[in-house]
Structures are given as structure tokens and as C-alpha cells.
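I have placed the structure first, in the form of C-alpha cells, so that the comments after it can refer back to it.
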Amino acid sequence: MIYLIRGTFTRVIGEMKRYLLNLFSSIIIFLIIFLLIALGFKNFGQAQSLSFRNTAVGYFVWMSVMINLTDLSWTIMNDMQRGIIEQVFISPFGPLVVYTTYEILMLIIELPIVYGMMVLIFSIAGMSISVHPSFFYFLIIAMLQSLGIGYILAGVTLKYKRTQALLNLAQFALIGLLFVNTNKWVMTLVPIAPHFRAMSTASGGTLPSWEYFVVSTIGTVIYIAIGIFIFSMFAKSTLKKGELSMY
Amino acid sequence: MLRVSNLKKTYRSKGKVIEAVKGISFSAELGEVFAMLGPNGAGKSTTIKSILGLVLPDSGSINVNGIDIMKNKRKALRYMSAVLEGNRNVHWRLSVRENMIYFGGMRGLGGKELKRRMEEVAELLGISDRMDQLAGKLSRGYQQRLAIAIALLPDTPVVLLDEPTLGLDIESSLEIRKVIKELAKGGKLVLLSTHDMKLVEHTASRVMVINKGKVITLKRPSELKEMFKSRSYKIVFDGSVSEALKEKLSRFGKFIEDGEKNAFVANLRSADEIYDLFELLREEKPAISSIESEEMDFEEIFMKIVRGDES
């Protein structure tokens with residue numbers, strides 16, 4: 001397993017080195033969008049209001065989970081185009097372990113970048129950051145939950161191949177989910193929403209209530225389990241139809 | 001080492017039913033190059049992919065070193081590696097070295113063992129001086145060498161190569177031919193699927209011809225050549241041949257260009273046909289300058305087998 005991690009790390013770093021311009025462009029686009037949102041609040045709202053803090057945290061959460069949500073599908077699509085997906089499937093570790101290793105490593109590398117961007121966002125907005133340590137717990141499980149949803153999308157990608165439009169749609173549907181306001185326990189089934197609420201509280205330096213810990217954690221476990229089940233189901237169906245590499 | 005029994009696979013798509021593999025069976029042992037030949041759509045790729053677990057067959061069994069791939073895929077895959085068709089199998093945006101580390105890691109290789117294997121396979125495939133080049137910038141021939149090098153990293157006893165010389169220049173094809181021979185000499189089972197007859201002729205210890213999802217024949221290349229050699233004759237006539245005789249001979253073969261002489265190549269399917277041909281010649285008594293047994297090249301043999309099956 002350690003060698004799989006080492007090999008995957010080589011791939012992640014290698015790809016980052018060669019797509020550096022793309023990485024920086026993405027960061028700059030995210031920052032520009034946020035600047036425009038901040039400008040809107042300054043001109044038409046109250047920049048120091050609670051709703052602005054929520055928007056800033058929401059934007060940050062959306063940005064961080066969005067990458068994980070669709071990255072697995074993009075990776076699978078690229079691997080299908082390059083023709084290396086068969087090599088992943090004939091690995092004795094199996095595709096789920098190989099791709100999960102890749103995504104977890106991406107998450108570890110992206111986390112400091114994403115956090116750095118949040119600090120930037122908050123300083124642009126002129127807000128103080130006194131983040132409660134629980135913030136990072138919610139951030140990590142939010143990213144893991146999005147990986148669970150990512151498995152579902154990746155399974156659909158394996159089966160239906162060209163899912164670019166669906167992936168774009170999923171990214172924007174996520175914004176809507178952030179602001180779902182319902183009973184805490186119902187929220188277990190609403191992805192990302194309880195995590196976002198908890199992070200909003202924690203970003204102000206306050207410990208979120210224990211219910212949020214329970215709801216977010218259970219929700220994360222549920223979505224990872226569903227994601228793995230659906231990915232495995234679609235992978236099996238793809239192999240049965242002999243359509244693995246037919247991008 | 002590898003046993004395939006009664007393998008069947010049918011694809012269903014938009015109301016169409018395609019029987020890709022209709023009960024293929026064979027076994028292959030370590031130290032041999034086992035070649036699969038067949039026209040496009042014969043079922044070669046489906047067979048190879050089924051062996052690797054990349055296609056789930058409808059029925060039949062595949063055993064690698066006694067392990068049933070359908071029941072214990074992960075364990076069975078530890079004995080196999082593969083290079084699949086086309087300019088695939090390598091990550092274009094990674095260097096040769098990074099590709100080896102990534103795919104090696106995916107096979108559970110790392111540390112000193114991986115380093116040693118990387119040096120060995122790079123040397124064998126002649127890519128030692130290109131370790132830091134991007135795979136995407138290598139020529140097609142070198143990309144294929146890299147793909148084979150990656151497949152050889154885990155040192156599995158079974159190596160499956162699907163069209164390993166497709167699109168390669170003569171020099172690269174010859175190099176790959178040499179490597180395949182080395183692998184078999186080193187005790188590996190190389191399962192080859194190809195259209196490259198020269199590759200089969202010079203490397204394969206056994207050839208299985210598949211057409212329309214069925215095995216037509218399974219023999220050593222020398223046996224196949226012998227089989228057809230004894231049934232193909234070139235008859236060179238001394239002087240002209242009457243139109244009537246030409247007409248009668250046409251059922252046995254065809255006249256070919258041979259300088260100024262009338263030459264006829266007879267392809268005889270059975271011993272009865274040999275008797276019939278010589279009976280006809282005895283009756284008509286044309287002047288014959290020579291009769292030679294013709295040796296067909298492998299491509300002609302393959303075409304005959306496939307056409308024979310289709311007719």
C-alpha cells in the first residue's frame with residue numbers, strides 16, 4: 001500500500017508541475033469571482049454583516065468541496081482518453097483503492113492551498129479570522145463527503161463516458177445545497193449543508209453544537225458508502241458490457 | 001499456467017446481439033509465446049480482456065496458475081501484466097521515470113526492488129537514456145517500449161501483449177520481436193494477439209487462429225506451414241497451354257506470371273484433389289518443365305485458414 005501511495009504521489013506532483021498554469025489560473029478565477037461578490041456586498045449590502053460572512057464561508061466551502069466532487073470523474077475521463085484506465089483496472093489493488101489514494105493525496109495537497117485562499121478571501125473582505133479548531137474537522141469530512149458523491153458521479157462517468165455537462169451541473173447544484181435550511185436531523189441526508197453551517201459557526205471562533213458533529217459525520221459515512229456501492233455497481237456493469245475504454 | 005475453458009461472451013447493444021466469443025478453449029504454459037491470430041472482430045481482444053478481468057464473460061472459466069479469475073480476480077492479477085492495443089498504457093504527461101514509479105506502485109512495487117526492476121527493464125527495452133523525457137514526447141516506437149517496460153516491472157510469469165507492433169517502424173518491430181523471444185527464453189508465458197504475421201512466424205511457439213469467435217486451428221507455426229506446403233504446387237509448362245486445359249485447371253488454382261512461361265499454382269485441399277489434378281495432366285499430356293512444392297508465407301496460410309473457415 002505504501003508503494004501505491006508513493007507512486008500516486010509521483011503522479012499527482014508530476015501532473016501539478018505540468019499543469020501549473022492551469023492551477024494558478026483556477027485560483028485567480030476563484031479570487032476574482034469572490035472579489036466581485038465582495039464588491040456587490042459593498043455597494044448594495046453591508047460588507048461586515050453576518051450574511052456576508054456566511055457568503056464568504058459558503059464560497060470557500062463550495063470551492064473546496066467542488067474540486068473533490070468532480071475531480072474523480074475528470075480523472076477517470078482523462079484516463080479513459082489516455083487509455084490508462086485498463087491499467088488501473090488490472091492493478092491488484094483495484095480501481096476503487098487506486099482512485100481513492102489519488103483523491104486523498106489530492107485532498108492533502110489541496111487543503112493548504114484552499115485554506116490559504118480562505119485566509120485571502122477573509123482578508124479581502126476585511127473580516128477577522130479566529131477559526132475554532134473544529135473548523136478543520138468539518139472541512140475534512142466535507143471534502144470526504146464530496147468524495148463520496150464524487151464516487152457516484154465517477155460511476156456514472158464510467159458507464160456513460162461523456163458527463164461534462166452533468167459535472168458542471170453538479171457543481172452549481174452544490175451551491176443550492178449549501179443554503180438548505182431544515183431540521184438538523186433531516187440535514188444528515190442533505191450533503192454539505194450541515195458541514196457548511198458548522199464551519200460558519202467555527203469560522204467565528206465558536207464551537208458548533210454537538211448535533212452538527214453527529215449529523216455531519218453520519219452524513220459523510222452514508223454518502224461514502226452509497227458512493228462506493230454505486231461506483232462498484234457501475235464498474236461491474238461497464239465490465240459486463242465490455243465498454244471500459246470506449247470513450 | 002493459463003487455462004481458458006469454453007469462454008463465451010455476447011454483447012447486447014440497442015437491440016443488436018453480437019456473439020463475440022463462442023466457446024474458446026486453450027491452455028498455454030510458461031516459456032512459450034502463444035499467438036492469437038484472427039481478422040478484425042474475431043474475438044481476440046475480448047478473449048484477452050476476459051483473461052485480464054476487463055470484460056466479464058457470460059460463461060466459461062479462466063485459470064491463471066490455478067486461480068479462477070472470476071472468483072479471485074485480485075489474486076489472479078498478481079500473475080499477469082499486459083500491454084493493450086494502441087498508443088495507450090502510458091501517462092503522456094509524466095516522464096518515463098515517473099510512469100514507471102506510478103505504474104510500479106500500482107502493482108505494489110517500490111523501494112529498492114522497483115529501482116532494480118526499473119534499471120533492468122529500461123536496459124532490456126533500450127530506454128535507459130530517456131528516463132527523464134516526457135512520455136508524450138517520445139516516438140511511437142519508444143512509447144511502446146515504455147509500455148512494455150511498465151508491464152514487465154512486476155516480473156509476472158504471464159505477459160499479455162495486444163498488437164505490440166501496431167504502427168511501429170521496422171527497427172522498433174524487430175526490437176520488440178527480440179524482447180518477446182527473450183521473455184519466453186526467461187521462462188515467461190507471452191500471450192500475443194496480433195496481425196503482424198512476421199512477428200508470429202518468428203516468435204510464436206504455437207498459433208491459435210480465431211474467426212467469428214471460434215478457434216479454427218491451434219498448431220505450431222511449423223506445423224501450419226507444413227500442412228499447407230504439402231498441398232500447394234507450382235507447375236511450369238513448357239510452351240503454350242490450350243484454353244480448354246486452362247479452363248479445366250481453373251478449379252485447382254490459378255495461372256501466375258512467371259517470366260515468359262506459363263506457370264500454374266495449384267492449391268489442393270485433399271488427397272483426392274491431388275489425384276484428380278495428376279489424372280487430368282496425364283490425360284491432356286501438356287509439356288511440363290517442372291513441378292515444385294510451393295512454400296506459402298505465413299500471411300497466405302492465415303488467409304487460407306480464415307477463408308476456408310468462412311467458406
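The values are calculated or read from the model by the stated rules, or taken from the named source; none is laboratory data. Note that the structure is a prediction, hence the values are computed from the model and not measured. As a convention, Cβ positions derive from the backbone with ideal geometry for all residues, glycine included, and neighbour counts pool all protein chains shown.
Return a yes/no flag: does the range B:22-45 have any residue that is facing another protein chain (nearest Cβ under 8 Å), within 27 Å of the chain's Cα centre (by Cα), crowded, with 17+ Cβ neighbours inside 10 Å and closer than 29 Å to residue B:167 by Cα.
No.
Across the range A:67-84, what is the number of residues that are among the β-branched types (Val, Ile, Thr) and facing chain B (nearest Cβ under 9 Å)?
1
Restricting attention to the range B:133-177, report how many residues are assigned to a helix (DSSP H, G or I) and among the β-branched types (Val, Ile, Thr).
Count: 4.
On the given criteria, is residue A:160 aromatic (Phe, Trp, Tyr) and surrounded by 15 or more Cβ atoms within 10 Å (Cβ to Cβ)?
Against the criterion (aromatic (Phe, Trp, Tyr) and surrounded by 15 or more Cβ atoms within 10 Å (Cβ to Cβ)), residue A:160 does not qualify.
Quick check on residue A:4: is it aliphatic (A, V, I, L, M) and either surrounded by fewer than 19 Cβ atoms within 10 Å (Cβ to Cβ) or more than 9 Å from chain B (Cβ to nearest Cβ) (or both)?
In short, no.
Do we find a residue being more than 15 Å from residue A:98 (Cβ to Cβ) and either in contact with a Cys (Cβ under 8 Å, 6 or more places away or on another chain) or polar (S, T, N, Q) (or both) anywhere in the range B:111-125?
no
So which of A:26, A:64 is more than 14 Å from chain B (Cβ to nearest Cβ), part of a helix (DSSP H, G or I), without any contact (Cβ under 8 Å) to a residue 12 or more places away in the chain and out of contact with any Ser or Thr (no Cβ under 7 Å at 6 or more places or on another chain)?
That would be A:26, the only listed residue that is more than 14 Å from chain B (Cβ to nearest Cβ), part of a helix (DSSP H, G or I), without any contact (Cβ under 8 Å) to a residue 12 or more places away in the chain and out of contact with any Ser or Thr (no Cβ under 7 Å at 6 or more places or on another chain).
With the checklist (1) hydrophobic (A, V, I, L, M, F, W, C); (2) closer than 28 Å to residue B:181 by Cβ; (3) in a helix (DSSP H, G or I) in hand, flag the one item residue B:208 doesn't pass.
(3)
Which residue out of A:175, A:141, A:149 is modelled with pLDDT under 85 and not basic (Lys, Arg)?
A:175
Which count do you get for residues in the range B:254-276 that are at pLDDT below 75 and not basic (Lys, Arg)?
6
Since residue A:121 meets every condition but one in (1) modelled with pLDDT of 85 or more; (2) farther than 12 Å from residue A:65 by Cβ; (3) surrounded by 20 or more Cβ atoms within 10 Å (Cβ to Cβ), which condition does it not meet?
(1)
For the condition of a type outside the set (Ser, Thr, Tyr) and on the phi > 0 side of the Ramachandran plot, what is the one hit in B:188, B:198, B:212?
B:212
Being within 12 Å of chain A (Cβ to nearest Cβ), modelled with pLDDT of 90 or more and within 30 Å of residue B:202 (Cβ to Cβ) narrows it down to one residue among B:51, B:62; which is it?
Step by step, each of B:51, B:62 is checked, and only B:51 is within 12 Å of chain A (Cβ to nearest Cβ), modelled with pLDDT of 90 or more and within 30 Å of residue B:202 (Cβ to Cβ).
Out of the range B:65-109, which residues are closer than 19 Å to residue B:45 by Cβ, within 7 Å of chain A (Cβ to nearest Cβ) and either free of Cβ contacts under 8 Å to residues at least 24 places away in the same chain or small (Gly, Ala, Ser) (or both)?
Once the filter is applied, which keeps residues that are closer than 19 Å to residue B:45 by Cβ, within 7 Å of chain A (Cβ to nearest Cβ) and either free of Cβ contacts under 8 Å to residues at least 24 places away in the same chain or small (Gly, Ala, Ser) (or both), the range B:65-109 yields B:82, B:86.
Determine if the range B:188-205 includes at least one residue that is more than 13 Å from the chain's Cα centre (by Cα) and either of a type outside the set (Phe, Trp, Tyr) or buried (at least 17 other Cβ atoms within 10 Å of the Cβ) (or both).
yes
Out of curiosity, is residue B:146 under 22 Å from residue A:245 (Cα atoms) and either at the interface with chain A (Cβ under 9 Å from one of its Cβ atoms) or basic (Lys, Arg) (or both)?
It is false that residue B:146 is under 22 Å from residue A:245 (Cα atoms) and either at the interface with chain A (Cβ under 9 Å from one of its Cβ atoms) or basic (Lys, Arg) (or both).
Taking helices (runs of 4 or more DSSP H) that fall entirely within the range B:1-112, which contain at least 3 residues that are charged (D, E, K, R) and out of contact with any Leu (no Cβ under 7 Å at 6 or more places or on another chain)?
Per the criteria, B:73-77.
Which of the numbered conditions does residue A:201 fail, given that it passes all the others? Conditions: (1) surrounded by fewer than 21 Cβ atoms within 10 Å (Cβ to Cβ); (2) not in a helix (DSSP H, G or I).
It fails just one condition, (2).
Pull up the range B:113-132, narrow it to residues that are aliphatic (A, V, I, L, M) and in a helix (DSSP H, G or I), then point me to the one that is surrounded by the fewest Cβ atoms within 10 Å (Cβ to Cβ).
B:124
Take the range B:153-166 and flag every residue that is surrounded by fewer than 20 Cβ atoms within 10 Å (Cβ to Cβ) and under 15 Å from the mean Cα position of the chain (by Cα).
B:166
Output the number of the condition that residue B:256 fails; it satisfies all remaining conditions of (1) surrounded by 14 or more Cβ atoms within 10 Å (Cβ to Cβ); (2) aliphatic (A, V, I, L, M); (3) outside any helix (DSSP H, G or I).
Condition not satisfied by residue B:256: (1).
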